[in-house]
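The values are calculated or read from the model by the stated rules, or taken from the named source; none is laboratory data. Since this is a predicted model, take the numbers as computed values, not measurements. As a convention, Cβ positions derive from the backbone with ideal geometry for all residues, glycine included, and neighbour counts pool all protein chains shown. Calculation scope for accessible area: heavy atoms of the full protein, side chains included, ligands and nucleic acids excluded. Shrake-Rupley method; radii C 1.70, N 1.55, O 1.52, S 1.80 Å.
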Amino acid sequence: MKTGLQAFVIGVASLVMTSANVTASLHEQHQASHGSHANDLHIMNGWVRALPPTQRVTAAYLTLHNASNQAIVIDGFSSPIAESAELHDSVLQDGQMRMVKQDTLILAPDEHKTLQPAGLHVMLMGLESMPKEGDQVEVCVKSGELQSCKAVPVLKMAPMDAMPHHQHH
Ligand SMILES: [Cu+2]
């Protein structure tokens, strides 16, 4: 587990940092890309990273949209491929990217929040086997009794349309 996490952290740290401000382009894709419509917590544009098959952890990235007029408190994640799933944030500390567990994520009315490499992500832990590029993996987001799920593709790298604003330092 420790080795897997370390390899994952190195992978995250080597990625290009991107802006969280992708709301404008996401709106254009909005209607086409929504997952569950069972409630007002919508999942858009998700993907799961394919890591080497020896790894037992990976990450899922999603854009979440609160389509209601009240704040939504997200308090859990799950996936059938993982024993457990946690929300992590990536924090740069002494030149190293570290992952910090988050218990909840609050979405204001009509807010979009993008989980993306080098930022917030859903850590999928205790994988029986690593999903392969091209597979579809279901990811579920919970808020109390509400749950939204979406099947998202497994990719080796972030899709370009999810990362429109590269920042160069
Ligand atoms: Cu993590």
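Our estimate of slack between MET160 and LYS101, defined as 0.36 nm per intervening residue step minus the Cα-Cα distance, is 18.6 nm.
Heavy-atom accessible surface of ASP110, to the nearest 10 Å², is about 90 Å², with a 1.4 Å probe and all protein chains retained.
Amide H to amide H, with H built 1.01 Å from N, GLU111 comes under 5 Å of ASN66, counting only residues 5 or more places away or on other chains. Going 7 Å from the Cα of ALA151 in the Cα-to-Cβ direction, what parts of segment 74-94 have a backbone nitrogen less than 20 Å from that spot? Of the residues in segment 74-94, 78-83 have backbone N under 20 Å from the label point off ALA151.
Per-residue SASA remark: VAL73, around 70 Å² accessible (1.4 Å probe; ligands, DNA and RNA not included). Evaluating 6.51 cos²θ - 1.76 cosθ + 1.60 at θ = phi - 60° for every residue in segment 53-70, the Karplus couplings come out as x, 6, 6, 10, 9, 8, 10, 10, 10, 8, 10, 9, 10, 8, 8, 9, 9, 10 Hz, glycine and proline recorded as x.
Counting only protein heavy atoms and a 1.4 Å probe, segment 42-89 has 37 square angstrom of accessible area per residue.
Residues in segment 134-147 carry Karplus couplings, in order, of x, 5, 10, 10, 7, 10, 10, 10, 10, 9, x, 7, 7, 9 Hz; the curve used is 6.51 cos²θ - 1.76 cosθ + 1.60 with θ = phi - 60°, and Gly or Pro positions show x. Take the Cα of THR54, step 7 Å toward its Cβ, do the same at LYS132, and the gap between the two points is 2.0 nm.
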